[in-house]
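The values are calculated or read from the model by the stated rules, or taken from the named source; none is laboratory data. Since we're looking at a predicted model, the values are computed, not measured. No Cβ is skipped: glycine too gets one built from the backbone with ideal geometry, and neighbour counts run over all protein chains shown. The area values use the complete protein model at the heavy-atom level, side chains included, leaving out ligands, DNA and RNA. Shrake-Rupley method; radii C 1.70, N 1.55, O 1.52, S 1.80 Å.
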Amino acid sequence: MELRDEETVSGEILPVVVIGNGPSGICLSYLLSGYTPYLSPGASHPNPLLHSKLAEQPGRSLLEQDLEYLCEGLQGRSSNPVAVLFDSLLLPDGDFGADHTSPLEWRYEPERAVPHLVLGKGPPGGAWHAMEGSMLTISLANWMELPGLKLKDWMKDKRRNVRNDRATPAEVASYYQHYVSQMALEHNFAAGTTVTSVTRWPADPHDSHGYWRVTGLQCREGEDLGDDSPAEQVPFSLLARNVVLATGTHDIPARLGVEGESLPYVCHSFWELEGAISRGELDESSDPVLVVGAGLTAADAVLAAHHLNTPVYHAFRRAVADPGLIFNQLPKVLYPEYHKVHQMMMQQQHQSASPLDSSSSPASFSSSSSSSSPYAGYLSFPRHRVISFRPDRKCVLQSDSGQRSVVQVSKALVLIGAHPNLSFLPEQGRPLGVRPGEAVSCRRNPVDVDPFSNRVLAADGPGMYAMGPLVGENFVRFLKGGALAIASDIAKGHGRGDDDDDDGGVTGCSDVWAEGRVAARTLAETARS
(Lines give C-alpha, C1' and ligand atoms only; values in the text may rest on other atoms or scores of the structure.)
Protein backbone atom coordinates (compact mmCIF):
# COMPACT_ATOMS: atom_id res chain seq x y z
CA MET A 1 0.00 0.00 0.00
CA GLU A 2 1.24 3.46 -0.89
CA LEU A 3 0.89 6.05 1.85
CA ARG A 4 0.73 9.78 1.55
CA ASP A 5 0.12 12.52 4.06
CA GLU A 6 -3.17 11.04 5.23
CA GLU A 7 -3.43 13.46 8.11
CA THR A 8 -3.82 16.42 5.78
CA VAL A 9 -5.81 14.50 3.15
CA SER A 10 -8.47 12.80 5.25
CA GLY A 11 -8.23 13.91 8.84
CA GLU A 12 -9.45 10.42 9.81
CA ILE A 13 -8.06 8.53 12.78
CA LEU A 14 -7.13 4.89 12.20
CA PRO A 15 -8.01 2.44 14.95
CA VAL A 16 -4.58 0.73 14.95
CA VAL A 17 -1.13 1.34 13.46
CA VAL A 18 1.47 -1.42 13.95
CA ILE A 19 5.15 -0.49 13.63
CA GLY A 20 7.02 -3.58 12.47
CA ASN A 21 5.99 -6.24 9.95
CA GLY A 22 7.77 -9.29 11.32
CA PRO A 23 5.91 -12.32 12.70
CA SER A 24 4.61 -10.22 15.63
CA GLY A 25 2.93 -7.69 13.37
CA ILE A 26 1.70 -10.37 10.97
CA CYS A 27 0.06 -12.41 13.73
CA LEU A 28 -1.62 -9.33 15.18
CA SER A 29 -2.89 -8.37 11.72
CA TYR A 30 -4.43 -11.85 11.39
CA LEU A 31 -6.32 -11.44 14.67
CA LEU A 32 -7.40 -7.87 13.90
CA SER A 33 -8.69 -8.94 10.47
CA GLY A 34 -11.55 -10.96 11.91
CA TYR A 35 -9.92 -14.37 12.35
CA THR A 36 -11.23 -15.43 15.73
CA PRO A 37 -10.22 -18.40 17.95
CA TYR A 38 -12.86 -20.55 19.65
CA LEU A 39 -12.77 -23.80 21.58
CA SER A 40 -13.58 -26.40 18.95
CA PRO A 41 -16.74 -28.41 19.77
CA GLY A 42 -15.79 -31.76 21.26
CA ALA A 43 -12.12 -30.80 21.57
CA SER A 44 -10.13 -31.45 24.72
CA HIS A 45 -6.90 -30.10 26.17
CA PRO A 46 -4.35 -32.32 27.98
CA ASN A 47 -4.29 -29.81 30.85
CA PRO A 48 -7.54 -30.63 32.72
CA LEU A 49 -7.64 -27.31 34.59
CA LEU A 50 -7.32 -25.26 31.41
CA HIS A 51 -9.82 -27.47 29.63
CA SER A 52 -12.41 -27.03 32.38
CA LYS A 53 -11.99 -23.25 32.25
CA LEU A 54 -12.41 -23.15 28.47
CA ALA A 55 -15.47 -25.40 28.71
CA GLU A 56 -17.21 -22.90 30.98
CA GLN A 57 -17.90 -20.61 27.99
CA PRO A 58 -17.63 -22.84 24.91
CA GLY A 59 -19.47 -20.46 22.61
CA ARG A 60 -17.42 -17.40 23.52
CA SER A 61 -14.30 -16.51 21.57
CA LEU A 62 -10.91 -16.47 23.25
CA LEU A 63 -10.69 -12.73 22.52
CA GLU A 64 -13.71 -12.07 24.74
CA GLN A 65 -12.66 -14.20 27.70
CA ASP A 66 -10.76 -13.26 30.85
CA LEU A 67 -7.17 -14.04 29.87
CA GLU A 68 -5.86 -13.55 33.40
CA TYR A 69 -8.28 -16.21 34.66
CA LEU A 70 -7.28 -18.64 31.90
CA CYS A 71 -3.58 -18.07 32.63
CA GLU A 72 -3.81 -19.00 36.30
CA GLY A 73 -1.80 -22.10 37.13
CA LEU A 74 -0.10 -22.43 33.74
CA GLN A 75 3.67 -22.83 33.51
CA GLY A 76 5.95 -22.67 30.50
CA ARG A 77 9.19 -21.39 29.06
CA SER A 78 8.03 -17.81 28.82
CA SER A 79 7.73 -15.25 31.59
CA ASN A 80 4.71 -13.68 29.85
CA PRO A 81 1.54 -15.48 31.03
CA VAL A 82 -0.56 -14.92 27.89
CA ALA A 83 2.32 -16.24 25.78
CA VAL A 84 2.26 -19.46 27.83
CA LEU A 85 -1.53 -19.67 27.49
CA PHE A 86 -1.66 -19.18 23.72
CA ASP A 87 1.29 -21.50 23.15
CA SER A 88 -0.42 -24.17 25.24
CA LEU A 89 -3.55 -23.82 23.11
CA LEU A 90 -1.76 -23.80 19.76
CA LEU A 91 0.83 -26.48 20.66
CA PRO A 92 -0.49 -28.55 23.59
CA ASP A 93 2.42 -30.18 25.47
CA GLY A 94 4.82 -28.83 22.84
CA ASP A 95 7.72 -28.90 25.31
CA PHE A 96 7.43 -32.68 25.51
CA GLY A 97 7.55 -33.22 21.77
CA ALA A 98 3.86 -34.16 21.71
CA ASP A 99 1.84 -33.63 18.55
CA HIS A 100 -1.57 -33.02 20.09
CA THR A 101 -4.17 -31.35 17.93
CA SER A 102 -4.93 -27.81 18.98
CA PRO A 103 -8.33 -27.49 20.66
CA LEU A 104 -8.83 -24.15 18.92
CA GLU A 105 -10.76 -23.59 15.73
CA TRP A 106 -10.47 -20.38 13.74
CA ARG A 107 -13.56 -18.68 12.37
CA TYR A 108 -13.45 -15.78 9.97
CA GLU A 109 -15.85 -13.15 11.31
CA PRO A 110 -15.41 -9.98 9.25
CA GLU A 111 -17.78 -8.05 11.50
CA ARG A 112 -15.12 -8.28 14.22
CA ALA A 113 -12.36 -6.86 12.04
CA VAL A 114 -10.55 -3.72 13.18
CA PRO A 115 -8.98 -1.70 10.33
CA HIS A 116 -5.26 -1.27 10.81
CA LEU A 117 -1.99 -0.60 9.05
CA VAL A 118 1.24 -2.56 9.51
CA LEU A 119 4.35 -0.54 8.64
CA GLY A 120 7.67 -2.18 7.75
CA LYS A 121 10.95 -1.30 6.09
CA GLY A 122 10.92 -4.33 3.82
CA PRO A 123 8.49 -7.07 2.78
CA PRO A 124 6.36 -8.86 5.40
CA GLY A 125 8.58 -11.06 7.54
CA GLY A 126 10.78 -8.34 8.98
CA ALA A 127 14.32 -9.31 9.98
CA TRP A 128 13.89 -12.86 8.65
CA HIS A 129 14.55 -11.53 5.16
CA ALA A 130 18.02 -10.41 6.29
CA MET A 131 18.87 -13.87 7.67
CA GLU A 132 19.91 -15.43 4.42
CA GLY A 133 21.87 -18.65 4.54
CA SER A 134 21.51 -22.35 5.15
CA MET A 135 21.66 -22.45 8.96
CA LEU A 136 18.67 -24.17 10.54
CA THR A 137 16.41 -22.22 12.87
CA ILE A 138 16.66 -22.95 16.57
CA SER A 139 12.92 -23.60 16.75
CA LEU A 140 11.04 -26.56 15.36
CA ALA A 141 9.10 -25.76 12.21
CA ASN A 142 5.72 -25.90 13.94
CA TRP A 143 7.02 -23.45 16.56
CA MET A 144 7.72 -20.93 13.79
CA GLU A 145 4.29 -21.09 12.18
CA LEU A 146 1.41 -18.66 12.53
CA PRO A 147 -2.24 -19.61 13.08
CA GLY A 148 -4.12 -21.05 10.13
CA LEU A 149 -1.21 -22.22 7.96
CA LYS A 150 1.09 -25.07 9.01
CA LEU A 151 4.68 -24.31 8.13
CA LYS A 152 5.61 -27.97 7.79
CA ASP A 153 2.90 -28.54 5.18
CA TRP A 154 3.99 -25.42 3.32
CA MET A 155 7.61 -26.63 3.39
CA LYS A 156 6.64 -29.97 1.86
CA ASP A 157 5.31 -28.12 -1.16
CA LYS A 158 8.61 -26.24 -1.48
CA ARG A 159 11.14 -29.05 -1.12
CA ARG A 160 10.84 -32.71 -1.91
CA ASN A 161 12.66 -33.95 1.15
CA VAL A 162 11.88 -32.54 4.58
CA ARG A 163 14.74 -34.24 6.43
CA ASN A 164 14.00 -32.73 9.81
CA ASP A 165 11.51 -30.60 11.67
CA ARG A 166 13.49 -27.39 11.35
CA ALA A 167 13.60 -24.81 8.61
CA THR A 168 16.15 -22.40 7.19
CA PRO A 169 15.73 -18.65 7.76
CA ALA A 170 15.14 -18.17 4.04
CA GLU A 171 12.26 -20.66 4.15
CA VAL A 172 10.75 -18.98 7.19
CA ALA A 173 10.98 -15.53 5.56
CA SER A 174 9.27 -16.84 2.44
CA TYR A 175 6.59 -18.52 4.56
CA TYR A 176 5.75 -15.27 6.36
CA GLN A 177 5.50 -13.36 3.10
CA HIS A 178 3.28 -16.09 1.65
CA TYR A 179 1.16 -16.11 4.82
CA VAL A 180 0.20 -12.46 4.35
CA SER A 181 -0.91 -13.22 0.80
CA GLN A 182 -2.65 -16.50 1.68
CA MET A 183 -4.68 -14.87 4.45
CA ALA A 184 -5.56 -11.86 2.25
CA LEU A 185 -3.87 -9.39 4.57
CA GLU A 186 -1.88 -7.45 1.95
CA HIS A 187 -4.13 -4.39 2.07
CA ASN A 188 -3.12 -3.92 5.71
CA PHE A 189 0.62 -3.79 4.98
CA ALA A 190 2.69 -0.82 3.83
CA ALA A 191 6.25 -1.81 2.93
CA GLY A 192 9.25 0.44 2.42
CA THR A 193 8.29 2.63 5.36
CA THR A 194 10.60 4.16 7.96
CA VAL A 195 8.84 5.66 10.97
CA THR A 196 10.57 8.82 12.18
CA SER A 197 8.27 9.99 14.97
CA VAL A 198 5.49 8.74 17.24
CA THR A 199 4.00 11.47 19.43
CA ARG A 200 0.97 11.84 21.63
CA TRP A 201 -1.41 14.56 20.53
CA PRO A 202 -3.74 16.37 22.94
CA ALA A 203 -7.39 15.41 23.00
CA ASP A 204 -9.90 17.52 21.12
CA PRO A 205 -13.06 18.77 22.83
CA HIS A 206 -15.05 15.72 21.64
CA ASP A 207 -12.48 13.08 22.64
CA SER A 208 -10.94 12.95 26.08
CA HIS A 209 -8.48 10.24 25.11
CA GLY A 210 -6.46 11.85 22.33
CA TYR A 211 -4.56 9.93 19.67
CA TRP A 212 -1.12 9.16 18.30
CA ARG A 213 0.58 10.82 15.36
CA VAL A 214 2.88 8.52 13.37
CA THR A 215 5.10 10.19 10.79
CA GLY A 216 7.77 8.83 8.50
CA LEU A 217 9.02 8.22 4.98
CA GLN A 218 8.02 5.64 2.39
CA CYS A 219 9.86 4.52 -0.73
CA ARG A 220 7.69 5.06 -3.77
CA GLU A 221 5.68 2.01 -4.72
CA GLY A 222 7.47 0.00 -7.40
CA GLU A 223 10.96 0.97 -6.23
CA ASP A 224 13.38 -1.89 -5.69
CA LEU A 225 13.72 -1.89 -1.91
CA GLY A 226 16.82 -4.03 -2.10
CA ASP A 227 18.65 -1.71 -4.49
CA ASP A 228 21.68 0.07 -3.06
CA SER A 229 20.84 3.22 -4.97
CA PRO A 230 18.74 5.69 -2.96
CA ALA A 231 15.03 5.49 -3.73
CA GLU A 232 12.74 8.48 -3.66
CA GLN A 233 11.06 8.73 -0.27
CA VAL A 234 7.69 10.37 0.30
CA PRO A 235 6.65 11.71 3.71
CA PHE A 236 3.53 10.34 5.37
CA SER A 237 1.62 11.20 8.52
CA LEU A 238 -1.03 9.01 10.17
CA LEU A 239 -3.32 9.51 13.15
CA ALA A 240 -4.13 6.44 15.24
CA ARG A 241 -6.15 5.58 18.32
CA ASN A 242 -3.70 2.81 19.12
CA VAL A 243 -0.08 2.27 18.15
CA VAL A 244 1.69 -1.07 18.55
CA LEU A 245 5.47 -1.30 18.86
CA ALA A 246 6.53 -4.52 17.12
CA THR A 247 9.93 -3.56 15.73
CA GLY A 248 11.98 -6.48 17.04
CA THR A 249 15.50 -5.97 18.37
CA HIS A 250 17.80 -6.75 15.43
CA ASP A 251 18.42 -3.22 14.19
CA ILE A 252 21.46 -2.16 16.20
CA PRO A 253 24.12 -4.76 17.12
CA ALA A 254 25.25 -4.51 20.73
CA ARG A 255 28.81 -3.35 21.29
CA LEU A 256 31.37 -4.07 23.97
CA GLY A 257 32.47 -0.46 24.30
CA VAL A 258 36.18 -1.33 24.47
CA GLU A 259 39.25 0.18 22.86
CA GLY A 260 39.73 -0.72 19.20
CA GLU A 261 36.22 -2.04 18.62
CA SER A 262 35.89 0.08 15.48
CA LEU A 263 38.95 -1.44 13.79
CA PRO A 264 38.21 -2.97 10.36
CA TYR A 265 38.77 -6.57 11.42
CA VAL A 266 36.15 -6.35 14.23
CA CYS A 267 32.67 -7.34 13.03
CA HIS A 268 29.28 -7.28 14.73
CA SER A 269 27.21 -9.47 12.43
CA PHE A 270 27.20 -13.14 11.53
CA TRP A 271 26.61 -12.15 7.91
CA GLU A 272 29.94 -10.32 7.84
CA LEU A 273 31.54 -13.69 8.58
CA GLU A 274 29.55 -15.32 5.78
CA GLY A 275 30.70 -12.54 3.45
CA ALA A 276 34.34 -13.13 4.36
CA ILE A 277 33.89 -16.86 3.75
CA SER A 278 32.26 -16.30 0.36
CA ARG A 279 35.13 -14.01 -0.65
CA GLY A 280 37.66 -16.71 0.25
CA GLU A 281 39.25 -14.68 3.04
CA LEU A 282 39.20 -17.54 5.56
CA ASP A 283 40.51 -21.10 5.36
CA GLU A 284 42.53 -23.60 7.41
CA SER A 285 45.70 -21.50 7.04
CA SER A 286 44.12 -18.31 8.43
CA ASP A 287 44.86 -16.93 11.85
CA PRO A 288 42.08 -17.86 14.27
CA VAL A 289 38.71 -16.14 14.27
CA LEU A 290 37.72 -14.76 17.67
CA VAL A 291 34.02 -15.22 18.46
CA VAL A 292 32.74 -13.21 21.41
CA GLY A 293 29.42 -14.29 22.90
CA ALA A 294 27.60 -17.41 24.06
CA GLY A 295 24.28 -17.16 22.27
CA LEU A 296 23.01 -19.08 19.28
CA THR A 297 24.36 -16.62 16.71
CA ALA A 298 27.81 -16.98 18.25
CA ALA A 299 27.41 -20.76 18.06
CA ASP A 300 26.48 -20.49 14.38
CA ALA A 301 29.68 -18.50 13.80
CA VAL A 302 31.75 -21.15 15.60
CA LEU A 303 30.19 -23.88 13.45
CA ALA A 304 30.70 -21.93 10.21
CA ALA A 305 34.38 -21.29 10.91
CA HIS A 306 34.98 -24.81 12.24
CA HIS A 307 33.44 -26.25 9.07
CA LEU A 308 36.18 -24.46 7.09
CA ASN A 309 38.84 -25.81 9.48
CA THR A 310 39.57 -22.20 10.38
CA PRO A 311 40.86 -22.05 13.99
CA VAL A 312 38.47 -20.48 16.48
CA TYR A 313 38.93 -18.70 19.79
CA HIS A 314 35.64 -18.43 21.67
CA ALA A 315 35.32 -15.96 24.56
CA PHE A 316 32.22 -15.55 26.74
CA ARG A 317 31.31 -14.18 30.16
CA ARG A 318 29.43 -17.13 31.69
CA ALA A 319 30.74 -20.43 33.00
CA VAL A 320 30.07 -23.41 30.73
CA ALA A 321 27.87 -25.05 33.38
CA ASP A 322 25.84 -21.87 34.05
CA PRO A 323 22.15 -22.87 33.83
CA GLY A 324 21.44 -19.50 32.20
CA LEU A 325 23.55 -20.50 29.19
CA ILE A 326 21.18 -21.28 26.31
CA PHE A 327 22.95 -24.55 25.50
CA ASN A 328 22.01 -25.91 28.91
CA GLN A 329 18.36 -25.36 28.07
CA LEU A 330 18.19 -27.14 24.70
CA PRO A 331 17.30 -30.84 24.28
CA LYS A 332 20.37 -32.64 22.91
CA VAL A 333 18.39 -34.83 20.51
CA LEU A 334 16.67 -31.90 18.78
CA TYR A 335 19.74 -29.66 18.52
CA PRO A 336 22.79 -31.85 17.83
CA GLU A 337 24.84 -29.04 16.28
CA TYR A 338 24.42 -26.76 19.30
CA HIS A 339 25.14 -29.69 21.61
CA LYS A 340 28.36 -30.12 19.66
CA VAL A 341 29.31 -26.49 20.30
CA HIS A 342 28.53 -26.96 23.99
CA GLN A 343 30.82 -30.01 24.10
CA MET A 344 33.56 -27.98 22.46
CA MET A 345 33.11 -25.25 25.06
CA MET A 346 33.47 -27.80 27.85
CA GLN A 347 36.26 -29.98 26.50
CA GLN A 348 38.54 -27.42 24.86
CA GLN A 349 38.94 -24.77 27.54
CA HIS A 350 41.89 -22.44 27.84
CA GLN A 351 43.94 -23.30 30.91
CA SER A 352 44.84 -20.08 32.69
CA ALA A 353 48.10 -19.63 34.50
CA SER A 354 48.18 -18.78 38.20
CA PRO A 355 45.45 -16.26 39.12
CA LEU A 356 48.15 -14.21 40.79
CA ASP A 357 49.90 -13.70 37.48
CA SER A 358 48.15 -10.80 35.79
CA SER A 359 50.69 -10.30 33.02
CA SER A 360 49.59 -10.62 29.42
CA SER A 361 50.65 -13.95 27.93
CA PRO A 362 49.98 -15.39 24.48
CA ALA A 363 47.38 -18.14 24.29
CA SER A 364 47.77 -21.13 22.00
CA PHE A 365 45.82 -24.20 21.02
CA SER A 366 48.71 -26.51 21.87
CA SER A 367 48.73 -25.51 25.53
CA SER A 368 45.10 -26.42 26.09
CA SER A 369 44.10 -29.02 23.52
CA SER A 370 45.37 -32.05 21.72
CA SER A 371 45.76 -32.29 17.98
CA SER A 372 44.07 -35.69 18.17
CA SER A 373 40.94 -34.15 19.68
CA PRO A 374 37.87 -34.09 17.42
CA TYR A 375 37.68 -30.40 18.27
CA ALA A 376 41.26 -29.49 17.44
CA GLY A 377 41.50 -25.88 16.25
CA TYR A 378 38.97 -24.65 18.80
CA LEU A 379 39.68 -23.07 22.19
CA SER A 380 37.11 -21.61 24.57
CA PHE A 381 37.67 -18.84 27.11
CA PRO A 382 34.85 -19.18 29.66
CA ARG A 383 34.32 -16.31 32.10
CA HIS A 384 36.50 -14.00 30.01
CA ARG A 385 35.87 -10.52 28.64
CA VAL A 386 37.59 -8.49 25.94
CA ILE A 387 39.81 -5.71 27.25
CA SER A 388 40.89 -4.27 23.90
CA PHE A 389 41.42 -4.87 20.19
CA ARG A 390 44.81 -3.77 18.85
CA PRO A 391 45.62 -2.52 15.33
CA ASP A 392 48.03 -5.47 14.85
CA ARG A 393 45.02 -7.84 15.17
CA LYS A 394 45.94 -8.88 18.69
CA CYS A 395 43.08 -9.05 21.20
CA VAL A 396 43.50 -8.84 24.95
CA LEU A 397 41.21 -11.07 27.02
CA GLN A 398 40.87 -11.07 30.79
CA SER A 399 39.40 -13.77 33.02
CA ASP A 400 37.27 -13.17 36.10
CA SER A 401 40.38 -13.85 38.19
CA GLY A 402 42.31 -11.09 36.43
CA GLN A 403 44.49 -13.30 34.22
CA ARG A 404 45.10 -11.71 30.82
CA SER A 405 45.72 -13.50 27.54
CA VAL A 406 46.66 -12.09 24.15
CA VAL A 407 45.39 -13.82 21.02
CA GLN A 408 46.38 -13.18 17.40
CA VAL A 409 43.35 -13.26 15.11
CA SER A 410 42.32 -12.76 11.51
CA LYS A 411 38.86 -11.50 12.42
CA ALA A 412 36.88 -10.82 15.59
CA LEU A 413 33.12 -11.29 15.70
CA VAL A 414 31.31 -9.58 18.56
CA LEU A 415 27.96 -11.38 18.70
CA ILE A 416 26.40 -10.37 22.00
CA GLY A 417 22.90 -9.47 20.91
CA ALA A 418 21.28 -6.36 19.48
CA HIS A 419 19.18 -3.38 20.48
CA PRO A 420 15.98 -2.16 18.83
CA ASN A 421 15.94 1.07 16.89
CA LEU A 422 13.44 3.21 18.79
CA SER A 423 14.75 6.52 17.48
CA PHE A 424 11.19 7.52 16.59
CA LEU A 425 10.32 7.70 20.30
CA PRO A 426 11.40 10.40 22.77
CA GLU A 427 14.75 9.52 24.38
CA GLN A 428 15.04 6.42 22.15
CA GLY A 429 12.25 4.79 24.15
CA ARG A 430 14.35 4.56 27.31
CA PRO A 431 11.57 5.77 29.65
CA LEU A 432 9.45 2.77 28.56
CA GLY A 433 11.84 0.09 29.83
CA VAL A 434 11.56 -1.91 33.03
CA ARG A 435 14.59 0.11 34.12
CA PRO A 436 13.86 3.64 32.84
CA GLY A 437 16.92 5.47 31.64
CA GLU A 438 18.66 2.38 30.25
CA ALA A 439 18.55 1.31 26.60
CA VAL A 440 15.69 -1.07 25.81
CA SER A 441 16.86 -4.62 25.11
CA CYS A 442 15.17 -7.99 24.92
CA ARG A 443 17.08 -9.69 27.71
CA ARG A 444 18.23 -6.95 30.06
CA ASN A 445 15.64 -4.21 29.82
CA PRO A 446 12.42 -5.03 27.94
CA VAL A 447 9.57 -2.58 27.56
CA ASP A 448 7.45 -2.63 30.72
CA VAL A 449 3.93 -3.77 29.81
CA ASP A 450 0.81 -5.00 31.53
CA PRO A 451 1.16 -8.81 31.39
CA PHE A 452 -2.43 -9.47 30.25
CA SER A 453 -2.95 -6.67 27.71
CA ASN A 454 0.59 -5.69 26.62
CA ARG A 455 -0.24 -2.02 27.24
CA VAL A 456 2.95 0.03 27.71
CA LEU A 457 2.82 1.15 31.33
CA ALA A 458 4.96 4.29 30.96
CA ALA A 459 3.42 5.54 27.70
CA ASP A 460 2.46 9.19 27.34
CA GLY A 461 -1.19 8.20 27.05
CA PRO A 462 -3.57 5.28 26.49
CA GLY A 463 -3.43 3.15 23.37
CA MET A 464 0.27 2.24 23.16
CA TYR A 465 1.18 -1.46 23.13
CA ALA A 466 4.40 -3.43 22.68
CA MET A 467 5.02 -7.03 21.68
CA GLY A 468 7.61 -9.54 20.53
CA PRO A 469 11.30 -9.12 21.36
CA LEU A 470 10.63 -5.66 22.77
CA VAL A 471 8.88 -7.33 25.72
CA GLY A 472 11.38 -10.18 26.05
CA GLU A 473 9.96 -12.67 23.55
CA ASN A 474 12.65 -13.72 21.09
CA PHE A 475 10.93 -16.90 19.93
CA VAL A 476 8.06 -16.83 17.42
CA ARG A 477 6.44 -19.58 19.45
CA PHE A 478 5.75 -17.16 22.31
CA LEU A 479 5.42 -13.77 20.65
CA LYS A 480 2.00 -14.87 19.34
CA GLY A 481 0.71 -14.45 22.89
CA GLY A 482 1.34 -10.72 22.65
CA ALA A 483 -0.88 -10.57 19.57
CA LEU A 484 -3.66 -12.35 21.48
CA ALA A 485 -3.33 -10.00 24.47
CA ILE A 486 -3.45 -6.85 22.31
CA ALA A 487 -6.25 -8.03 20.02
CA SER A 488 -8.30 -9.07 23.06
CA ASP A 489 -7.76 -5.72 24.78
CA ILE A 490 -8.79 -3.79 21.66
CA ALA A 491 -11.79 -6.07 21.05
CA LYS A 492 -13.04 -5.32 24.56
CA GLY A 493 -12.95 -1.60 23.81
CA HIS A 494 -9.96 -0.83 26.02
CA GLY A 495 -7.94 0.39 23.06
CA ARG A 496 -10.24 3.43 22.98
CA GLY A 497 -9.90 3.95 26.70
CA ASP A 498 -13.43 2.54 27.24
CA ASP A 499 -12.49 0.55 30.31
CA ASP A 500 -15.78 1.45 32.00
CA ASP A 501 -18.07 0.19 29.23
CA ASP A 502 -20.92 -1.86 30.69
CA ASP A 503 -21.32 -3.89 27.51
CA GLY A 504 -17.93 -5.57 27.75
CA GLY A 505 -16.56 -3.61 24.81
CA VAL A 506 -19.01 -4.70 22.10
CA THR A 507 -20.13 -1.13 21.44
CA GLY A 508 -16.58 0.16 21.61
CA CYS A 509 -15.42 -2.43 19.09
CA SER A 510 -18.27 -1.56 16.72
CA ASP A 511 -17.38 2.12 16.94
CA VAL A 512 -13.77 1.34 16.10
CA TRP A 513 -14.86 -0.74 13.13
CA ALA A 514 -17.22 1.90 11.74
CA GLU A 515 -14.71 4.69 12.25
CA GLY A 516 -11.87 2.72 10.73
CA ARG A 517 -13.73 1.66 7.61
CA VAL A 518 -13.88 5.31 6.54
CA ALA A 519 -10.17 5.80 7.18
CA ALA A 520 -9.21 2.61 5.35
CA ARG A 521 -11.35 3.54 2.35
CA THR A 522 -9.76 6.98 2.23
CA LEU A 523 -6.29 5.45 2.34
CA ALA A 524 -7.09 3.16 -0.55
CA GLU A 525 -8.58 5.97 -2.64
CA THR A 526 -5.60 8.21 -2.01
CA ALA A 527 -3.15 5.42 -2.92
CA ARG A 528 -4.92 5.00 -6.28
CA SER A 529 -4.96 8.70 -7.07
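In what sequence, largest accessible area first, do SER285, SER52 appear using a 1.4 Å probe?
Values: SER285 95, SER52 55 Å².
Largest accessible area first, the list is SER285, SER52.
Leaving ligands, DNA and RNA out of it, work out the accessible area of ILE416 with a 1.4 Å probe and give it in Å² to the nearest 10.
40
For VAL312, list long-range residues whose amide hydrogen, built 1.01 Å from N in the peptide plane, is under 5 Å from its own amide hydrogen.
VAL289, TYR378, LEU379
Apply 1/(1 + (r/R0)^6) to the Cβ-Cβ distance of GLU186 and ASP392, taking R0 = 56 Å, and write down the FRET efficiency to the nearest 0.05.
Details: r = 53 Å, r/R0 = 0.95.
It comes out at approximately 0.55.
For Cα pairs less than 8 Å apart in space and 6+ apart in sequence, what is the mean separation divided by the residue count of region 269-328, i.e. the relative contact order in percent?
On the way: 65 pairs, mean separation 21.3, N = 60.
About 36 percent, as a whole number.
Separation between the THR196 and LEU217 pseudo-spin-labels, each 7 Å from Cα along Cα→Cβ, expressed in nm?
Those two pseudo-labels are separated by 0.7 nm.
Could you give the nm distance between label points at ASN309 and GLU109, where each point is 7 Å from its Cα heading toward the beta carbon?
Result: 6.4 nm between the two label points.
Between ALA458 and LEU149, what is the spin-label point distance in nm, taking each point 7 Å from the Cα along the Cα→C-beta axis?
The two pseudo-label positions are separated by 3.7 nm.
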